[in-house]
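Nothing in this text is a laboratory measurement; each read-out follows from the coordinates by a stated rule. All values derive from a computational prediction rather than experimental measurement. Glycine gets a Cβ as well: all are built from the backbone with ideal geometry, and neighbour counts include every protein chain shown.
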Amino acid sequence: MATKNPKSKTQNSGFTLIELIIYLAIVSIILVSISYLTIDLISGQSSSQADQELIYGFNFITATLIKDIRLAQDITSLSSGVLALTMPGDDVTYSFDLSNKKLTRQIGAAVADLHSDAIEVTGSFSDRSYLGRAKNVGVDLSLNYKNPDNLPQYNASTTASFSVELRGRR
């Protein structure tokens, strides 16, 4: 009769050193991948925020300028940095403040910025009227998102050049 020797059985409990190294390598790769994905998502969100702020400011400025110029009865004063319009109610004056990089709109004595402090605006106005038949105002705009730390995800800018005809003339 054969007897079994209890010492001949090998008991394998626990991990070997190679299994532990492979496990740690796989977990490290997964954690590093998740970290890079998170950083990429946060950076993309910052870029999207800068773009959205810039587009909102651009749309608001152009819509306000176009509406006021179309409603104007006449051009009171026009220079590269100032546009004064004769309106049915109070006159409206637009000014590019070159030192602060702002575009302001003045109705009567009330002056208001047309954009948030996160945006810098520069530009000019020009007279594009043709032979006195129609009065046209040319507008050149340049908007930049303020980026004092020069981070690439906050670089956003846009430019536009358009012309609007006064339609409020009778």
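Computed quantities for the displayed model
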{"item": "Electrostatic dipole magnitude of the chain [Cβ: Lys, Arg +1; Asp, Glu -1; Cα centre; debye, to 20]", "result": "640 debye"}
{"item": "Cα-only radius of gyration and Dmax that characterise the chain, units Å", "result": "32.5, 124"}
{"item": "Dipole of the stretch 35-169 [Lys/Arg +1, Asp/Glu -1 at C-beta], most positive-end residue of P152, G89, S116", "result": "G89"}
{"item": "Most mobile of I107, I22, I66 in a GNM of the chain (Cα contacts under 10 Å)", "result": "I22"}
{"item": "Net charge over other residues, Cβ less than 13 angstrom from the Cβ of A118 (K, R count +1; D, E count -1)", "result": "-2"}
{"item": "Estimated 222 nm signal from helices in the chain, with DSSP H stretches of n ≥ 4 weighted -39500 (n - 2.57), rounded to 500", "result": "-12000 deg cm²/dmol"}
{"item": "The chain, relative contact order [Cα under 8 Å, separation at least 6], %", "result": "20 percent"}
{"item": "Coil-residue trypsin sites (Lys or Arg not before Pro) of the stretch 98-145, DSSP, other Cβ within 10 Å capped at 10", "result": "R133"}
{"item": "Theoretical FRET efficiency, 1/(1+(r/R0)^6), r = Cβ-Cβ of L98 and S48, R0 30 Å, to 0.05", "result": "0.50"}
{"item": "Length-normalised contact order of the stretch 21-88 in % [C-alpha pairs under 8 Å, at least 6 apart]", "result": "16 percent"}
{"item": "Contact order normalised by residue count of the stretch 95-170, Cα under 8 Å, 6+ apart, percent", "result": "23 percent"}
{"item": "Built amide H within the under 5 Å cut-off of D74, gap 5+", "result": "T86"}
{"item": "Centroid-to-centroid separation of the stretch 57-122 and the stretch 140-170 [C-alpha atoms, Å]", "result": "13 Å"}
{"item": "Cα long-axis angle, helix 17-71 against the chain (0 to 90 degrees, to the nearest 10)", "result": "10 degrees"}
{"item": "P(r), alpha carbons of the stretch 50-146 - 10 Å bins starting at zero, rounded %", "result": "15, 50, 28, 6, 0"}
{"item": "Summed residue charge, Cβ within 14 Å of R128's Cβ, Lys/Arg positive, Asp/Glu negative", "result": "-1"}
{"item": "Lys/Arg +1, Asp/Glu -1 at C-beta; the chain dipole; positive extreme among Q73, I42, L141", "result": "I42"}
{"item": "Amide H contacts of V92 (H built 1.01 Å from N, under 5 Å, at least 5 apart or other chain)", "result": "L85, M87"}
{"item": "Rh (Kirkwood; distinct C-alpha pairs) - the stretch 116-170, Å", "result": "13.4 Å"}
